[in-house]
Amino acid sequence: MNEAVVLDYRDVRKNFGSFVALNGVSIRVHKGEVVCLIGPSGSGKSTLLRCTNGLEKLDGGEISLDGVVLPRSETGMRDVRRRMGMVFQSFELFPHRTVIANVMMGPVTVLRLSRDEARQRAEVLLEKVGLSEKAESHPASLSGGQQQRVAIARALAMQPEVMLFDEPTSALDPETVGEVLNVMKRLADEGMTMVVVTHEMSFARRVANRVVLFERGAIVEEGPPAQIFDAPTVARTRDFLGHLGWHG
Amino acid sequence: MLGDLDFSPLLDSWRYLAGGLGITLGLSALTVVSSLLLGAAVGFARVYGPVWVSRVLTFYIDSMRAIPVLVVLVWMYFAFPLVAGVSLPSFWAAWAALTLHVAAYVAEILRAGIKSIRPGQVRAALALGMSGVQVVGKVVLPQAVIRMLPALGSIVSVAIKDSAIAATIAVPEYMERSQTLAGQSFRPVEVFTTAMVVYFVILFPATRAVDMLYRRVAHLGRS
Amino acid sequence: MSFDWGIIWQHRAELADGVAMTVLLAVATMLIAISGGIVLALMRLSPLRPVSAASACFVEFFRNTPLILLVYWAFYVMPVAIGVEFSAFATGLAALSLNVSAYNAETFRAGIVSIRRGQSEAALALGMSRWQVMREVVLPQAVRRVLPVLASTWVSLFKDTSLVSVIGVSELAYVSLQIRSQTFRILEMLTAMAVIYWLLGYPQAKLVDWIHRRYGVSE
């Protein structure tokens, strides 16, 4: 791939006490690429995402965004976070605000957009995720899938260069997983750079340009989905996919 | 100014103050015991008694939530003898007033504890063929008591703090003796500051113990 | 013994002034103590150790001393420590505010801590500053959880204003006790005082129950 490198992870390390969460991880994410991180629970994939936007501090190595190493300071990190959208497993919509106010919050408080501009932007995004009619509802009255679509719209409202998805469908009822994955697929088709931690193998296979398999804080194998799912070169990959009932 | 503090009157009168502290602790302890007994009786009767009893007791509890302790104390000491024809010594008037007041809180705590047990628990126990008394004694109370423990523990602090108000009816407890000493020695700053520290030293461990108890037992009470 | 209940009606104007003073004290104290409580709670949650420790000491000290003693202490110590003579009202207000601020600080702290960490993380991920996270996301949610507790504190405060009568603030208890000693109508005045407090406090207690049912979080 000849596109510019957006995110560059170099030998990233992170410990929680004596537990080694990330043990020297290096990945390059190019512009417009969709990278899916898969692997067993506790293998470090979510930690990598949280390190990416500074919710966890690194213990070693570095991460660059557009060639600039991420700062360690809280204030410096704030500017970087504006350029990355993050979607959480548990949605984390703000329950005291309406749906549209949730989407407007970033642009208004962080980008200092006028309320009118922010509202226009939010309306377009809610349309995009198919929830225009829920604009004035409160999050509690939405289904999990709807809440997660709002959360995606909220992240997109910052017009980020890259989107980080931390197991976006793990907390959802099975029947609403599809609607969220569809929104993500469309986003990928539009050329958004995405890093997705997921257990949805069929999504990884269909949408990812590259799949990275994690285990115990390190990369086991990475490559295009066709390689990982159909012709893994590492025995561990076969085992992991086999446990999930994936057989090509 | 604060520069020329003189704590010697406190040292000279330490026996007098210590005696007051003994009365404070004695009054508080008696209040805690009697409030728990009266409060438990009131709480049970309110939850499980006939409707009219429940109404009367609710009225009593809510009235105690509405009227200041000071007012109950003063009324018990000065006005009650005029109605009843017998006057109470100030210590016992204080004990009666504080009990009346604190028991209402105990009753509230008990009710909230019992109400917090899910109805499913009672239904499950009844389905096993238990009697009403058995359901309360073997299923409801054991769970409720654990949830109530922290709130009941805080009654100790409440009793100690409220006992200081008994100074207004001249019960010679620590607060009242501090006032007397402050007046005699013309050293109110030293005397009252010392009193603040003394009460803190007694109350702080009590509060901390309750907080710790809360953390310990919180998970046990969940269902 | 004969009773003269007309004495209450004769002194209705003074009693009404006493009630007004009680209400004023309670309202003023609560306003001060809400701001004070928020500041202390934020200090308590500060990552700076000395700031957090200072707040903890303040809160624990004033939570663990009898209010009536605090009233005397403020009366005698404040003028000496600060070098300014305060009116009885200002002294009473200060004592009540110190006490209630300490309680409110704990209430707010518990409210803030009860908001899941994911909520702040989601706000941080949007690029908000710590202060914006607090103001836009955490505090508005905490307030809802805090409201029932504040309501209970209000009822306690309303009763506790009676304790500043000991330094001569002319609120309801002081006025009633004064009329008692001038007229020697002990039973009448003390009963009237109790009844007036009851009339004011009973609806408040009922309102608090309603607020707990309406906003109480059952988690």
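The values are calculated or read from the model by the stated rules, or taken from the named source; none is laboratory data. Remember, it's a predicted structure, so these values are computed and weren't measured experimentally. No Cβ is skipped: glycine too gets one built from the backbone with ideal geometry, and neighbour counts run over all protein chains shown. Only protein heavy atoms, including side chains, enter the accessible area calculation; ligands, DNA and RNA are left aside. Shrake-Rupley method; radii C 1.70, N 1.55, O 1.52, S 1.80 Å.
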Specify the residue that is surrounded by the most Cβ atoms within 10 Å (Cβ to Cβ); the eligible residues are those in the range A:86-102 that are under 17 Å from A:Glu200 (Cα atoms) and at the interface with chain C (Cβ under 7 Å from one of its Cβ atoms).
A:Phe88
Of the residues B:Val217, B:Val171, B:Val191, which single one is under 27 Å from B:Val74 (Cα atoms), in contact (Cβ under 8 Å) with a residue 60 or more places away in the chain and under 22 Å from the mean Cα position of the chain (by Cα)?
B:Val171
A:Val29 fails exactly one of the following numbered conditions: (1) among the hydrophobic types (A, V, I, L, M, F, W, C); (2) touching a helix residue (DSSP H, G or I) at 6+ places or on another chain (Cβ under 9 Å); (3) closer than 22 Å to A:Met184 by Cα. What is the number of that condition?
(2)
Just give me the residues in the range A:106-149 being under 20 Å from C:Gln132 (Cβ atoms) and of a type in the set (Val, Ile, Thr), in sequence order.
A:Val108, A:Thr109, A:Val110
In the range A:130-166, residue farthest from A:Glu117 (Cα to Cα) [restricted to those that are among the charged types (D, E, K, R) and either within 20 Å of the chain's Cα centre (by Cα) or not in a helix (DSSP H, G or I) (or both)]:
A:Asp166
Name, by its number, the condition in (1) closer than 24 Å to A:Glu190 by Cα; (2) small (Gly, Ala, Ser); (3) open to solvent by 20 Å² or more (accessible area, probe 1.4 Å) that does not hold for A:Gly17.
(1)
When residues of the range C:1-58 are limited to those that are aromatic (Phe, Trp, Tyr) and part of a helix (DSSP H, G or I), the one surrounded by the most Cβ atoms within 10 Å (Cβ to Cβ):
C:Phe58
C:Ala123 vs. criteria in a helix (DSSP H, G or I), free of Cβ contacts under 8 Å to residues at least 60 places away in the same chain, more than 10 Å from chain B (Cβ to nearest Cβ) and out of contact with any Cys (no Cβ under 6 Å at 6 or more places or on another chain)
yes
Report yes if some residue within the range A:63-82 is in contact with a Gly (Cβ under 9 Å, 6 or more places away or on another chain), touching a residue at least 40 places away in the same chain (Cβ under 8 Å) and within 14 Å of another protein chain (Cβ to nearest Cβ); otherwise report no.
yes
Among C:Gly92, C:Gly111, the single one that is open to solvent by less than 20 Å² (accessible area, probe 1.4 Å), assigned to a helix (DSSP H, G or I), touching a Phe, Trp or Tyr at 6+ places or on another chain (Cβ under 9 Å) and not aliphatic (A, V, I, L, M) is C:Gly92
Can you tell me which residue in the range B:30-61 is surrounded by the fewest Cβ atoms within 10 Å (Cβ to Cβ), limited to those that are in contact (Cβ under 8 Å) with a residue 24 or more places away in the chain and more than 22 Å from B:Val140 (Cα to Cα)?
B:Tyr60
Need the failing condition index for A:Ser170 against (1) over 24 Å from A:Val34 (Cα atoms); (2) open to solvent by less than 60 Å² (accessible area, probe 1.4 Å); (3) modelled with pLDDT under 95; (4) away from chain C (no Cβ under 11 Å), just the number.
(1)
Within the range C:69-79, can you find the residues that are free of Cβ contacts under 8 Å to residues at least 12 places away in the same chain and out of contact with any Pro (no Cβ under 9 Å at 6 or more places or on another chain)?
C:Leu69, C:Pro79
Residues to consider are A:Val69, A:Val80; find the one that is surrounded by fewer than 16 Cβ atoms within 10 Å (Cβ to Cβ) and out of contact with any helix residue (DSSP H, G or I) (no Cβ under 8 Å at 6 or more places or on another chain).
A:Val69
Selection over the range C:54-68 where residues are free of Cβ contacts under 8 Å to residues at least 12 places away in the same chain and away from every other protein chain (no Cβ under 13 Å) yields a count of 1
